[in-house]
Amino acid sequence: MKKILAILTILMIMTSFTGCGNNKDVIHAGLNAEILEINTELKGFVVKNLDKNSILGEKCYISCENDEVYYIYVDNETGETEDLTYEDFKVGDEITVDVESVENNYSLTSRVQLLTQRR
């Protein structure tokens, strides 16, 4: 009986350690926003959220300075996709971004998709 209790205790302890893992890898995908300002020197956007209760808040700086940021446009009529560059975005564009977290109204992104349809 003592062996069973010892084994159960060890299993419970191991389970509690795995349940407290680091959530750093959580990605918030598809956060809708509107570009308010474009910072060409630091390569980033000041955006406002377009969704209720978004982690972006009222205003947030989205940094795009990482060279691995992926920019994309999807034509809603044809479904065709097009790779974009940072320079293709304009103030007033609606976008969706993927971020890990927002701290002090600042976030890094790995993907920016242009939602505003262009013809």
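The values are calculated or read from the model by the stated rules, or taken from the named source; none is laboratory data. Please read all numbers here as calculations on a predicted model, not as lab measurements. Please note: Cβ atoms are built from the backbone with ideal geometry, for glycine as well, and neighbour counts cover all protein chains shown.
Which is among the aliphatic types (A, V, I, L, M), part of a strand (DSSP E or B) and in contact (Cβ under 8 Å) with a residue 24 or more places away in the chain, of 108, 56? Steps first, answer last, please.
Numbers: 56 fails: part of a strand (DSSP E or B).
Among 108, 56, only 108 is among the aliphatic types (A, V, I, L, M), part of a strand (DSSP E or B) and in contact (Cβ under 8 Å) with a residue 24 or more places away in the chain.
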Between a first residue in the range 38-50 that is without any contact (Cβ under 8 Å) to a residue 40 or more places away in the chain and of a type in the set (A, V, I, L, M) and a second residue that is in a loop (DSSP other than H, G, I, E, B) and loosely packed, with under 15 Cβ neighbours inside 10 Å, which pairs have beta carbons less than 7 Å apart while being 6 or more apart in sequence or on different chains?
42/65; 46/59
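Identify, from the list 69, 74, the residue that is under 26 Å from residue 118 (Cα atoms), within 17 Å of the chain's Cα centre (by Cα), surrounded by 11 or more Cβ atoms within 10 Å (Cβ to Cβ) and modelled with pLDDT of 90 or more. Steps first, answer last, please.
Numbers: 74 fails: within 17 Å of the chain's Cα centre (by Cα).
Going through 69, 74 in turn, the sole match is 69.
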Picking from 55, 35, 27, the residue that is under 18 Å from the mean Cα position of the chain (by Cα), of a type in the set (A, V, I, L, M, F, W, C) and at pLDDT 95 or above would be 35
Tell me the residue from 21, 79, 92 that is out of contact with any Lys or Arg (no Cβ under 9 Å at 6 or more places or on another chain), within 19 Å of residue 118 (Cα to Cα), in a loop (DSSP other than H, G, I, E, B) and modelled with pLDDT under 95, please.
79
Just checking, how many residues over the range 75-105 are free of Cβ contacts under 8 Å to residues at least 40 places away in the same chain and closer than 18 Å to residue 30 by Cβ?
3
